[in-house]
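Below: one structure, written as structure tokens.
The values are calculated or read from the model by the stated rules, or taken from the named source; none is laboratory data. The shown structure was predicted, so the numbers you read here are calculated from the model rather than taken from an experiment. Positions of Cβ are backbone-derived with ideal geometry, glycine not excepted, and every protein chain shown enters the neighbour counts.
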Amino acid sequence: MKKESKELKIGKCTIGGNQAIAVQSMLTCDPLDIHEAIAQIKELETAGCDIVRVAVPSMESAQKIAFLKTHTALPLVADIHFNADLAIEAIRQGADKIRLNPSNIREERKIQEVVTCALDYKIPIRVGANEGSLKSTERSNKSVVAALFEAVCREVSLLEKYNFNDIVLSAKASDILINQEINRKLSSHFDYPIHLGLTEAGLPCQGIVKTTIGISPLLLEGIGNTLRFSLTGSLVEEVYAARALLRYLGLEESVEVIACPTCGRCRWDVSSAAKRVMDAVSRIKLKASVAVMGCEVNGPGEASHADFALAGSGKQVLLFKHGQRMASGKEEEMLKLLLELLHHWQAEDPAR
């Protein structure tokens, strides 16, 4: 049962309330590297990302937000620290949300200016705290959870003081149990939407396992409205991992791609084919499974269990539907036919 929280608009995406959990990621480059920034946004969009965050370390970076928005329909969140003027400029340039820690801006009148600007442009602000950003004095005589909670409350009160209530909360730790405890505490105390994730989760293999273990209990308890797998490495893996978690927890409908690990009997590039299938189905909202198999040992069995299946056989690729062979041909032809079948199936059910 999803916990009650306020609904907020972030560009074309609505979070909170009974809305679907939104998947986020963050560009690894400065917006000044405009070509790389656009390439990363397009990559995330193709992978099925809902919201993209971008670091804004300078005024020149803030001024690139408007141009970036001409290249994507995805909501863009400007990540600001220390300098209120960067937040104001990013809002004026069209940022759909600001990620800000008011307490690291020294002049309170500057915080009021940011709030006034955000109210004028009707965009939300995400505030919060990370375990790594806590000062030693904040955690000297209390638990990390208590220190994080006090830090978030301090951030929220700075915004609420100026009648700003379009707030998203985030409190992250690298420790799984601390991360769970602080988010439960935030959920019980506030009705603002909560962004979930573990900070510094690590390289993809470790980070995916750690984040999955860390946030699955929260999601199952109905806590969390957006999430990010903060992985060191591929942005696309962040999105795929988040989507897979939501699918396996029964929190969204999406296409599951099953693939065999391959062996010496394999006669085609299963890894490449599975990756192409994954890319192609990433934005299809349909509860379905596609098996990509490499040989005749497990291939037919998996094909019978999956809704659709591709199985390589030398230069030919076989396409199955509900275990029944439908067609055979070149990989390109069969992938195109598979997508047509999935889209047709999706269109048959108006609820989807």
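Look through region 54-88, keep the residues that are assigned to a helix (DSSP H, G or I) and of a type outside the set (A, V, I, L, M, F, W, C), and return whichever of them is surrounded by the most Cβ atoms within 10 Å (Cβ to Cβ).
We begin by selecting, within region 54-88, every residue assigned to a helix (DSSP H, G or I); these are 59-62, 65-69, 84-88.
Then keep just the ones that are of a type outside the set (A, V, I, L, M, F, W, C); that gives 60-61, 69, 85.
On the way: Glu60: 12, Ser61: 20, Lys69: 18, Asp85: 14.
Result: Ser61.
Across region 228-264, what is the number of residues that are over 15 Å from Leu44 (Cα atoms), assigned to a loop (DSSP other than H, G, I, E, B) and touching a residue at least 24 places away in the same chain (Cβ under 8 Å)?
Number satisfying all stated conditions: 9.
Let me confirm something: among Arg267, Arg283, which residue is surrounded by fewer than 21 Cβ atoms within 10 Å (Cβ to Cβ), touching a residue at least 40 places away in the same chain (Cβ under 8 Å) and farther than 28 Å from Gln19 by Cβ?
Values: Arg283 fails: farther than 28 Å from Gln19 by Cβ.
The match here is Arg267.
Does Ala288 fit the bill of being in contact with a strand residue (DSSP E or B) (Cβ under 8 Å, 6 or more places away or on another chain), modelled with pLDDT of 80 or more and outside the structural domain of Ile167 (by TED's automatic domain parsing)? Let's see the steps before the verdict.
Working: in contact with a strand residue (DSSP E or B) (Cβ under 8 Å, 6 or more places away or on another chain): yes; modelled with pLDDT of 80 or more: yes; outside the structural domain of Ile167 (by TED's automatic domain parsing): yes.
The answer is yes for Ala288.
Return the residue satisfying two criteria in turn: it lies in region 253-264 and is of a type outside the set (A, V, I, L, M, F, W, C) and surrounded by fewer than 16 Cβ atoms within 10 Å (Cβ to Cβ), and of such residues it is modelled with the highest pLDDT.
Taking region 253-264 as the starting set, the residues that turn out to be of a type outside the set (A, V, I, L, M, F, W, C) are 253-254, 256, 261-262, 264.
Adding the requirement that they be surrounded by fewer than 16 Cβ atoms within 10 Å (Cβ to Cβ) leaves 261, 264.
On the way: Pro261: 80, Gly264: 71.
Ranking the candidates gives Pro261 first.
Within region 45-93, track down each residue that is among the hydroxyl-bearing types (Ser, Thr, Tyr) and either without any contact (Cβ under 8 Å) to a residue 12 or more places away in the chain or within 19 Å of Gln24 (Cα to Cα) (or both). Full working, then the answer.
Restricting attention to region 45-93, the residues satisfying the condition of being among the hydroxyl-bearing types (Ser, Thr, Tyr) are 46, 58, 61, 70, 72.
Those that are among the hydroxyl-bearing types (Ser, Thr, Tyr) and either without any contact (Cβ under 8 Å) to a residue 12 or more places away in the chain or within 19 Å of Gln24 (Cα to Cα) (or both): Thr46, Thr70, Thr72.
Taking into account only those residues within region 89-107 that are in a helix (DSSP H, G or I) and of a type in the set (S, T, N, Q), which is farthest from Lys64 (Cα to Cα)?
Our first condition is that a residue be in a helix (DSSP H, G or I); within region 89-107, this holds for 89-92, 102-104.
When the remaining residues are screened for being of a type in the set (S, T, N, Q), the result is 103-104.
On the way: Ser103: 26, Asn104: 24 Å.
Filtering region 89-107 for residues that are in a helix (DSSP H, G or I) and of a type in the set (S, T, N, Q), the one farthest from Lys64 (Cα to Cα) comes out as Ser103.
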